[in-house]
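Report on the following structure.
The values are calculated or read from the model by the stated rules, or taken from the named source; none is laboratory data. These numbers were taken from a predicted model, which means no experiment stands behind them. Cβ placement follows ideal geometry from the backbone for every residue including glycine, while neighbour counts extend to all protein chains displayed.
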Amino acid sequence: MKELIEYIAKSLVDDPSQVQVTEIEGSNSIIYELRVAPEDMGRVIGKGGRVANAMRTLLRVTAAKQGKRATLEIV
């Protein structure tokens, strides 16, 4: 799932070398923190948060297929 987030984010931004995804495992869920360059933040969030919500939806579906819970935080 971490690779999925990285792939989508690197496809959206101007500077793919600044994309970092950190995985934090909890007791019953996984939190993914996505960090991008400040000038690319708007591209990752999208107009009205549409891109970010789409990424979160894809992550939730992928996690559900594996029987897990996952959330995405854009830092």
Inset, instruction - Just give me the residues in region 9-39 being in a strand (DSSP E or B) and under 20 Å from residue 68 (Cβ atoms), in sequence order. - result: 21, 22, 23, 24, 25, 30, 31, 32, 33, 34
Inset, instruction - Specify the residue that is surrounded by the most Cβ atoms within 10 Å (Cβ to Cβ); the eligible residues are those in region 36-63 that are touching a strand residue (DSSP E or B) at 6+ places or on another chain (Cβ under 7 Å) and under 17 Å from residue 22 (Cβ atoms). - result: 55
Legend entry - region 1-18 - residue that is in contact with a strand residue (DSSP E or B) (Cβ under 7 Å, 6 or more places away or on another chain) and within 13 Å of residue 35 (Cα to Cα) and, of those, surrounded by the most Cβ atoms within 10 Å (Cβ to Cβ): 9
Inset, instruction - Under 9 Å between Cβ atoms, at least 6 apart or on separate chains: pull out the pairs that start in region 35-51 with a residue that is on the phi < 0 side of the Ramachandran plot and end on any residue that is of a type in the set (S, T, N, Q) and not in a helix (DSSP H, G or I). - result: 35/20; 35/22; 36/20
Legend entry - Single unsatisfied condition, residue 13 versus (1) closer than 20 Å to residue 62 by Cβ; (2) over 10 Å from the mean Cα position of the chain (by Cα); (3) among the β-branched types (Val, Ile, Thr): (1)
Legend entry - Single condition residue 28 does not satisfy, out of (1) at pLDDT 95 or above; (2) more than 15 Å from residue 8 (Cα to Cα): (1)
